[in-house]
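First up is the structure itself, then whatever we jot down about it.
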Amino acid sequence: MIVADRKSLEEILEMVEDCKKILIVGCKGCVTVCNVGGVKEVEILSSSLKIARKKAGIEIEIDMHTLERQCDNEYIEQIKETVNDYDAVVSMACGVGPQFLSEMYKDQKFFPALDTTFFGGATEHGVWEERCAGCGTCIIHKYDGLCPVARCAKSLLHGPCGGSSNSACEISKDTECVWDSIVRKKMEQGRLEDLLGVTEARDWRSARDGGPRRSIREELVQGNI
Amino acid sequence: MSELKSGSNLEKVLNAGHFAFTGECGPPKGANVEHLVEKFKFLKGNVDAVNITDNQTAVVRMSSMAASALMVQEGMEPNFQMVCRDRNRLAIMSDILGAYALGIRNMLCLSGDHQTFGNHPEAKNVHDIDSMQLIRLVKTMREGKFMNGDDIDVAPKMFIGAACNPFADPYEFRVHRLANKIEAGADFIQTQCIFNMEKFRDFMKKVVDMGLHEKCYILAGVTPMKNAGMANFMSKFVPGMDIPDDLIKRLKSVDKKDQSEEGIKFALEQVEEFKGMEGVAGVHMMAIEWEHMVPEIAKRAGVLPRPQV
């Protein structure tokens, strides 16, 4: 899923500084699963903003609405009747949400309440870790399902580098060296030969480097499915 | 003696069967050419080539290519270090051509320390290709082709170096990674600073068993410790360093004013052992910000005069 962190209250307060009435839009997708942008978090943000503004002597009126998803125009449309009743709209979705909203509602201002961080999952309650960089050409079958592009700090295809120590990355003792895991798994399975030789350089066109990406499924576009 | 690939002095020294002795010099944090040239003087005549570091520890310094070119102007031989952190393949190929055009004939291909270590941790890193692919690329260019297969008009014939850290983990894989670098095209290897001699002896045994020393020249990395504090610091804060407690104890066992001499003595003992160690073709002396000690170290190590080839 897409993982995000909420921005600080101070940063959000600054965005809505000139607003007297706002709408906070939550999302029931990934950000609900990672406990940062669902119904509950929308309520918490709303209360926090109201308290802070009351304390500052400039009260703010806030309405809340949590959509099924903010990455789908079908749901974005659901707020069309009321969206322009506000000075601004704060989105608690990943970075996709405020943009879909902004593209549909040209006259309104949209602010992000979240910092979208990565594609990952929860490794324990309350802890999420990156697993995928969305580079557009998956090669993890070569590494027993572990991704060096997303998880090596240098995206090395021939690791581990000279900074790998006690299974940790050189950037921090708390960061796993994924190459250490790849090598150990290969060694345990007796398939070290998979890591011998030189891998071709990546073609980064399928990643963000090739420009904004688009995925077209002809069969769906033509309405056959 | 085999046919020369680059014709660099370092290649000729190694090719002639001499025990190589290379040095290292970090470019200044500024455009202070005078200071840089001053540091060169301590290395001139005392080493076969000098590694010019490339924004080492991710701290911004004068470009390694410019500092290498300044060294060429001084009649010395640089070993131009290049990291993959700061350049994509376009910049890499263009810099290789530029370096060759400026008279640079040796290159050391590195991934580069992560930028979080340096003085611009906010920077975006590149890592379009990694050090293994860089080695392969320098070789491809030496053979007259760009990465895309296009012909190069006057190929940059570099003597290709790579790094090896036998002390990083997992240890069992290190010799295989070295083999990969040799397969990629490395002509010579400079190892990370060695302090744990026992582990290095074991590593070299593995290297020799696999016959890697016959495919590539291996230069053992030596850094003389200035004092026990430096050893402690490196042990704790420099990634991939293996500094045995015995060495720290040894340095601490003498008066503070004598610790640098004790550090040099240990380095000299290492050089002596490397001279006789199977598979070791030379020493890479990294006297970090201690270039003025190199003449004395080289003299006491018995590696002077350097061979004229």
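Legend: mean number of C-beta atoms from other chains within 10 angstrom of residue C-beta atoms, peptide A:36-48, equals 0. Label positions at A:Leu196 and B:Arg201, each projected 7 Å from the Cα along the C-beta direction, are separated by 2.8 nm.
What number comes out for the charge environment of B:Tyr100, summing +1 per Lys or Arg and -1 per Asp or Glu over other residues with Cβ under 11 Å away? It works out to a net charge of +2.
Checking the a/c ratio against 1.5 first, then a/b against b/c, what shape does the Cα gyration tensor give for chain B? Rounded, since a/c falls under 1.5. Counting only protein heavy atoms and using a 1.4 Å probe, the accessible area of B:Leu102 comes to about 90 Å².
The stretch between A:Asn224 and A:Glu130, if pulled fully straight at 0.36 nm per residue, gains 30.2 nm over its current Cα-Cα span. The Cα atoms of the stretch A:133-210 give a gyration tensor whose axes a ≥ b ≥ c have a/c of 1.5 or more with a/b no greater than b/c, which makes the shape oblate. When the pairs A:Lys20/A:Lys54; A:Lys185/B:Lys124; B:Lys29/B:Lys236; B:Lys39/B:Lys257; A:Lys154/B:Lys206; B:Lys39/B:Lys299 are compared against a 19 Å limit on Cα-Cα distance, A:Lys185/B:Lys124; B:Lys29/B:Lys236; B:Lys39/B:Lys257; A:Lys154/B:Lys206 fall above it.
Of all DSSP beta bridges confined to the stretch A:23-175, the antiparallel ones make up roughly 40%. Between 0 and 90 degrees, rounded to the nearest ten: what's the tilt of helix B:131-142 against the longest Cα principal axis of chain B? The two axes meet at around 50 degrees. Its relative contact order, with pairs defined as Cα atoms under 8 Å and 6+ residues apart, puts the stretch B:1-127 at 25 percent.
Which trypsin sites (Lys or Arg not before Pro) does the stretch B:103-206 hold that lie in a coil by DSSP with at most 16 other beta carbons within 10 Å? Of the trypsin sites (Lys or Arg not before Pro), the ones in loops of the stretch B:103-206 whose Cβ has at most 16 other Cβ atoms within 10 Å are B:Lys124.
For A:Lys80, the lysines whose Cα comes closer than 17 Å to its Cα, not counting residues fewer than 8 places off in the same chain, are A:Lys21, A:Lys106, A:Lys109. Run the reach check for A:Lys40 against aspartates and glutamates, Cα to Cα strictly under 17 Å, same-chain hits fewer than 8 apart removed. What comes back? Excluding near neighbours in sequence, the set is A:Asp5, A:Asp63, A:Glu68.
Shown is the FRET efficiency for A:Glu61 and A:Thr117, computed with R0 = 30 Å from the Cβ-Cβ distance and rounded to the nearest 0.05: 0.45. Averaged over peptide A:191-201, the number of partner chain Cβ atoms lying within 10 Å of each residue's Cβ comes to 4.
For chain B, the mean residue ellipticity at 222 nm estimated from helices alone is -12000 deg cm²/dmol, where every DSSP H run of n ≥ 4 contributes -39500 (n - 2.57) and the total is divided by all residues, rounded to the nearest 500. The GluC sites (Glu not before Pro) found in the stretch B:273-308 that occupy coil by DSSP, while having at most 14 further C-beta atoms within 10 Å, are B:Glu278, B:Glu289. Considering only B:Pro27, B:Pro166, B:Pro239, the mean-square fluctuation computed in a Gaussian network model of chain B, springs between alpha carbons under 10 angstrom, is largest for B:Pro239. Of the peptides A:164-170, A:199-205, the ranking by mean beta-carbon count within 10 Å, highest at the top, reads A:164-170, A:199-205. Counting only DSSP beta bridges with both residues in the protein assembly as shown, the antiparallel share comes to about 25 percent. Direction-averaged projected area, Cα convex hull, the stretch B:2-75: 5.5 nm², rounded to one decimal. Computed from the C-beta positions of B:Tyr171 and B:Lys275, the FRET efficiency with R₀ = 25 Å rounds to 0.50.
When Rg and the Kirkwood radius Rh are both evaluated on Cα atoms of the stretch B:221-309, their ratio Rg/Rh stands at 0.98.
Summing Lys and Arg as +1 and Asp and Glu as -1 over all other residues whose Cβ lies under 13 Å from the Cβ of A:Val31 gives a net charge of +1. Relative to the longest principal axis of the Cα atoms of chain A, the long axis of helix A:178-188 makes an angle of roughly 40 degrees. To make sure I understand the rule: partners must be lysines, Cα under 16 Å from the Cα of A:Lys186, and not fewer than 8 residues away in the same chain. Which ones qualify? Here the lysines satisfying the reach criterion relative to A:Lys186 are A:Lys142.
Among residues other than B:Ser2 with Cβ under 12 Å from its Cβ, the summed charge is -1 (Lys and Arg +1, Asp and Glu -1). Computed from the C-beta positions of B:Lys249 and B:Asn119 and an R0 of 35 Å, the FRET efficiency is 0.60 to the nearest 0.05. Expressed as a fraction of 2.2 N^0.38 Å, the C-alpha radius of gyration for chain A is 1.27. The Rg/Rh ratio of the stretch A:50-130, with Rg taken over Cα atoms and Rh as the Kirkwood radius over Cα pairs, comes to 1.05.
With respect to chain B, whose longest principal axis is taken over its alpha-carbon atoms, helix B:33-43 is tilted by about 60°.
The values are calculated or read from the model by the stated rules, or taken from the named source; none is laboratory data. Computed from a predicted model, the values in this text were never measured in an experiment. All Cβ positions, glycine included, derive from the backbone under ideal geometry; neighbour counts span all protein chains shown. Just the protein is used for accessible areas: all its heavy atoms, side chains included, with ligands, DNA and RNA removed. Shrake-Rupley method; radii C 1.70, N 1.55, O 1.52, S 1.80 Å.
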